[in-house]
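Colleague: Handing you this structure, nothing more for now.
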Amino acid sequence: AVIGRYKLSVQSDSSSSASLGTFVLLFNPWSSGDDVYMPSKAECEEYVLEEFGIIFAGNKNHISSFGWNFGQFQGDILDICLSMLDRSLSYRQDPITDLSHRNDPKYLGRVLSAMVNANDDQGVVLGNWSGNYEGGKSPSSWTGSGEILQNWKKSGFRPVRYGQCWVFAAVLTTVLRCLGIPTRTITNFSSAHDADGNLRVDEFYDASGNNLNRAADSIWNFHVWNESWFTRSDLGPSYSGWQILDATPQEESEGIYQCGPASRKAIKEGDVELDYDCPFVFAEVNADCMYWNYDTSTGKKTLIFSQSTTIGQAISTKAVGRDDRVDVTNDYKYEEGSKKERDIFKKARKKLGLEDKFDPTAPTQREIEQKPDISGKFKVAGPLQVGKDLNLILVLTNLQSDAKTVHINMTAWSTLYTRRPVHGIWKDSISVTLSPKDEKQFPIKIPYTEYQQQLTTDNTIQVTALCHVEGGIQVLVQRDIALDNPTIDVQVLGEAKVNREVDVEVIFTNPIDTEVTDCVLQVEGSDLLRGILEIDVPPLKAGENSSTKFKLIPFEAGPKHLLVNFSCDKFANIKTFKMVNV
């Protein structure tokens, strides 16, 4: 049956009919005849009924997480989700056909992946990856989907400013769970954005080691998308189960910004010709990376090195019924470096017609096989925290049995989580001679005072050393660093009971030696409070503690989650959550 709002009336023998009202029909994952049927009850509870989620972020060396309030059963969210369907391009172009397809989760998943972003259709959230969020809210300041969906409706359906990938994925989770389709968020670390469809991402660096950001391709520290559970009658039973949907506007599909559903099974098996958007998703977890040196004056590019095992790591989602991380990388691909994994990659290239086609931009076999004389890495030597100096060690090793002279150009840039460079922070250059088989360490210190003004709300810094080896090929050493915010502490003072007041205390200690100002606390939580509580907190001197108290009146029993977000002029969006048993 088509989902949506039905009129219900009763007709007696005499031809008068009486209206009994309306009801909303949804998908039913508990019913074995439904396209979204999910045999595990615990999974139905997590992926349809659970209003709280955890989203993973950071980078592959340093995974962090934050809570999110999906809130799919709060207030008028259902009405807003239904109105999204009536505002889609498909409905506007051909309402009758659109309505007749509303029994099909793959159709609705695709339509809603387009509607959650504002591109093409005045959808819900406007993306912004500039680092400047004037005229809206910074993407990392949101803590739930409710406020975003309510704002969209209240403004007369004008796109809400601003979102980045986890915001699009979280809003799509809310909408699909609300309609009864089991859905979860997935985080892919070192995620490729392959703009030209050649299963390869290229990055270009100048002689000083600056990332030139000149390719349409990119490798994001992480990217968040969705998986929804339903059958694929169009592809056959082996492709049913988890389907990938992505509402982040990255590349157009059939002329508009939508992505999926791509069968996860098809991605793992390299069946990239199957509907929908499998080549793009396959590249996100499998693309090869090429790092080039680009001479800005001549336009000449030289391959520094290529890697086939960097992309698509630690693919993560929240555990069923627990606040833990589960690694699902093996559901997306065979083990990196195994023969099976390389065979699948070749199969995908062949299906995309990339095997036989000459690609003038690709490196030669000779370039790929050339071996460097030295190896290098950045080691972390100290805490990775906003407010503390950043201490690293550059370790260089001579792999040859003769001495090597190396000229090293180092840079550090603040970046967005997409690894897009925003502000230069630091640069240095040194020349060294490495004895045969020798290892040398060079300590690097970037003081907080130098990076504090330049940091983006993503708290990420990319450090690069481009090593010019005399008589040998260049070696690129780089590391993406995600800095942790200081912590906040939340205590529930007393027992939480339905319709009874309970006090909550939030404690923050200023860890730096200057005053912090413009402090604001934002609190939300499904069934604990309606809407969002915003509290101004007085400025805090160096090392000073603040304690903020407020009252909750929970209106539903059971385990609930309180989400807290603290911001001030020196720290953006310090987040935590607290489970409250009501």
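The values are calculated or read from the model by the stated rules, or taken from the named source; none is laboratory data. Computed from a predicted model, the values in this text were never measured in an experiment. Glycine also receives a Cβ, built like all others from the backbone with ideal geometry; neighbour counts cover every protein chain displayed. Heads up: the accessible areas ignore ligands, DNA and RNA and are worked out on the full protein's heavy atoms, side chains in. Shrake-Rupley method; radii C 1.70, N 1.55, O 1.52, S 1.80 Å.
Colleague: What is the residue count in the stretch 269-298 for residues that are in a loop (DSSP other than H, G, I, E, B) and either acidic (Asp, Glu) or at pLDDT 90 or above (or both)?
Modeller: 12
Colleague: Any residue at all in the stretch 104-119 that's open to solvent by 40 Å² or more (accessible area, probe 1.4 Å) and either over 25 Å from ASP331 (Cβ atoms) or out of contact with any Phe, Trp or Tyr (no Cβ under 7 Å at 6 or more places or on another chain) (or both)?
Modeller: So far as the stretch 104-119 goes, yes, one or more of its residues are open to solvent by 40 Å² or more (accessible area, probe 1.4 Å) and either over 25 Å from ASP331 (Cβ atoms) or out of contact with any Phe, Trp or Tyr (no Cβ under 7 Å at 6 or more places or on another chain) (or both).
Colleague: Let me ask something else about it. Return only the number of the condition from (1) crowded, with 24+ Cβ neighbours inside 10 Å; (2) at pLDDT below 95 that GLU203 does not satisfy.
Modeller: Here GLU203 meets the rest and fails (1).
Quick grid of which residues meet (1) buried (at least 18 other Cβ atoms within 10 Å of the Cβ); (2) closer than 18 Å to ASN61 by Cα:
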{"residue": "PHE280", "(1), (2)": "yes, no"}
{"residue": "ALA283", "(1), (2)": "yes, no"}
{"residue": "ASP288", "(1), (2)": "yes, no"}
{"residue": "TYR294", "(1), (2)": "yes, no"}
{"residue": "ILE311", "(1), (2)": "yes, yes"}
{"residue": "VAL326", "(1), (2)": "no, yes"}
{"residue": "THR329", "(1), (2)": "no, yes"}
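Colleague: Any residue in the stretch 10-38 that is in the same structural domain as THR231 (by the TED database) and hydrophobic (A, V, I, L, M, F, W, C) sitting within a Cβ distance under 7 Å of a residue that is open to solvent by less than 70 Å² (accessible area, probe 1.4 Å) and part of a strand (DSSP E or B)? List the pairs, counting only those 6 or more apart or interchain.
Modeller: Close Cβ pairs satisfying both conditions: none exist.
Colleague: Further question on the same structure: Determine which member of the set ILE77, ILE96 is out of contact with any strand residue (DSSP E or B) (no Cβ under 6 Å at 6 or more places or on another chain), open to solvent by less than 70 Å² (accessible area, probe 1.4 Å) and in the same structural domain as ASP327 (by the TED database).
Modeller: The match here is ILE77.
Colleague: So which residues in the stretch 205-220 are hydrophobic (A, V, I, L, M, F, W, C) and more than 16 Å from ASP480 (Cα to Cα)?
Modeller: ALA207, ALA215, ALA216
Colleague: Restricting the search to the stretch 220-241, which residues are buried (at least 21 other Cβ atoms within 10 Å of the Cβ) and part of a strand (DSSP E or B)?
Modeller: Across the stretch 220-241, the qualifying residues are TRP220, ASN221, PHE222, HIS223, VAL224, TRP225, ASN226, GLU227, SER228, TRP229, PHE230.
Colleague: Test each condition in (1) in contact with a helix residue (DSSP H, G or I) (Cβ under 8 Å, 6 or more places away or on another chain); (2) open to solvent by 10 Å² or more (accessible area, probe 1.4 Å) for LEU82 and report the one that comes out false.
Modeller: Failed condition: (1).
Colleague: Okay, next question. Quick one: in the stretch 514-561, which of the residues that are among the β-branched types (Val, Ile, Thr) and under 25 Å from ASP323 (Cα atoms) is most open to solvent (accessible area, probe 1.4 Å)?
Modeller: Selected residue: ILE553.
Colleague: For a quick check of your reading: which strands (runs of 3 or more DSSP E) sit entirely within the stretch 307-383 and have at least 2 residues that are over 20 Å from the mean Cα position of the chain (by Cα)?
Modeller: Ranges flagged: 374-380.
Colleague: Taking into account only those residues within the stretch 10-21 that are part of a strand (DSSP E or B), loosely packed, with under 10 Cβ neighbours inside 10 Å and at negative phi, which is farthest from the chain's Cα centre (by Cα)?
Modeller: First, pick out the residues of the stretch 10-21 that are part of a strand (DSSP E or B): 10-11, 17-21.
Remaining after also requiring loosely packed, with under 10 Cβ neighbours inside 10 Å: 10-11, 18-19, 21.
Narrowing further to those that are at negative phi: 10-11, 18-19.
On the way: VAL10: 49, GLN11: 52, ALA18: 50, SER19: 46 Å.
Filtering first and then ranking leaves GLN11.
Residue by residue, here is whether (1) of a type in the set (Lys, Arg); (2) outside the structural domain of ILE77 (by the TED database); (3) out of contact with any Phe, Trp or Tyr (no Cβ under 6 Å at 6 or more places or on another chain) holds:
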| position | (1), (2), (3) |
| --- | --- |
| TRP142 | no, yes, yes |
| GLY146 | no, yes, yes |
| LEU149 | no, yes, yes |
| VAL160 | no, no, no |
| GLY163 | no, no, yes |
| TRP166 | no, no, yes |
| ILE181 | no, no, no |
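Colleague: Mind telling me which of the residues GLU51, GLU45 ends up being open to solvent by 90 Å² or more (accessible area, probe 1.4 Å), of a type outside the set (Phe, Trp, Tyr) and at pLDDT 95 or above?
Modeller: GLU45
Colleague: Let me ask something else. Test LEU212 against the criterion of being aliphatic (A, V, I, L, M), open to solvent by 10 Å² or more (accessible area, probe 1.4 Å) and over 30 Å from LYS347 (Cα atoms), and give yes or no. Break it down into steps so the answer makes sense when it comes.
Modeller: Numbers: aliphatic (A, V, I, L, M): yes; open to solvent by 10 Å² or more (accessible area, probe 1.4 Å): yes; over 30 Å from LYS347 (Cα atoms): yes.
Answer is yes for this residue.
Colleague: Identify the residue in the stretch 347-363 that is open to solvent by 60 Å² or more (accessible area, probe 1.4 Å) and free of Cβ contacts under 8 Å to residues at least 40 places away in the same chain and, among all such residues, is farthest from GLN474 (Cα to Cα).
Modeller: Filtering the stretch 347-363 for residues that are open to solvent by 60 Å² or more (accessible area, probe 1.4 Å) and free of Cβ contacts under 8 Å to residues at least 40 places away in the same chain, the one farthest from GLN474 (Cα to Cα) comes out as LYS350.
Colleague: State whether one or more residues within the stretch 448-460 are part of a strand (DSSP E or B) and either modelled with pLDDT under 95 or closer than 19 Å to LYS379 by Cα (or both).
Modeller: Here is the first cut: in the stretch 448-460, the residues part of a strand (DSSP E or B) are 460.
Adding the requirement that they be either modelled with pLDDT under 95 or closer than 19 Å to LYS379 by Cα (or both) leaves 460.
Checked the stretch 448-460: at least one residue is part of a strand (DSSP E or B) and either modelled with pLDDT under 95 or closer than 19 Å to LYS379 by Cα (or both).
Colleague: Anything in the stretch 22-42 that is in contact with a helix residue (DSSP H, G or I) (Cβ under 8 Å, 6 or more places away or on another chain) and either open to solvent by less than 40 Å² (accessible area, probe 1.4 Å) or assigned to a strand (DSSP E or B) (or both)? List them, or say none.
Modeller: Matches in the stretch 22-42: VAL24, PHE27, PRO29, VAL36, MET38.
Colleague: For the stretch 54-73, give me each residue that is closer than 17 Å to GLY558 by Cα and either free of Cβ contacts under 8 Å to residues at least 60 places away in the same chain or open to solvent by less than 40 Å² (accessible area, probe 1.4 Å) (or both). Before the answer, list the steps.
Modeller: Pass one, the stretch 54-73, residues closer than 17 Å to GLY558 by Cα: 69-73.
Across the stretch 54-73, the qualifying residues are ASN69, PHE70, GLY71, GLN72.
Colleague: Condition check: closer than 27 Å to TRP413 by Cβ, surrounded by 18 or more Cβ atoms within 10 Å (Cβ to Cβ) and touching a strand residue (DSSP E or B) at 6+ places or on another chain (Cβ under 6 Å). Does PRO139 satisfy that?
Modeller: Against the criterion (closer than 27 Å to TRP413 by Cβ, surrounded by 18 or more Cβ atoms within 10 Å (Cβ to Cβ) and touching a strand residue (DSSP E or B) at 6+ places or on another chain (Cβ under 6 Å)), PRO139 qualifies.
Colleague: Only residues in the stretch 516-541 that are closer than 15 Å to GLU51 by Cβ and assigned by the TED database to the domain that holds PHE577 count as the first member; pair them with residues that are open to solvent by less than 10 Å² (accessible area, probe 1.4 Å) and aliphatic (A, V, I, L, M), Cβ under 6 angstrom, at least 6 apart or cross-chain, and list the lot.
Modeller: GLU524/LEU563; GLY525/LEU562; GLY525/LEU563; LEU528/LEU552; LEU528/LEU562; LEU529/LEU552
Colleague: Assess whether GLY123 counts as being open to solvent by less than 30 Å² (accessible area, probe 1.4 Å), outside any loop (DSSP other than H, G, I, E, B) and of a type outside the set (Asp, Glu).
Modeller: no
Colleague: Kindly evaluate GLY337 against the criterion of being at positive phi, touching a residue at least 12 places away in the same chain (Cβ under 8 Å), out of contact with any helix residue (DSSP H, G or I) (no Cβ under 6 Å at 6 or more places or on another chain) and surrounded by fewer than 16 Cβ atoms within 10 Å (Cβ to Cβ).
Modeller: yes
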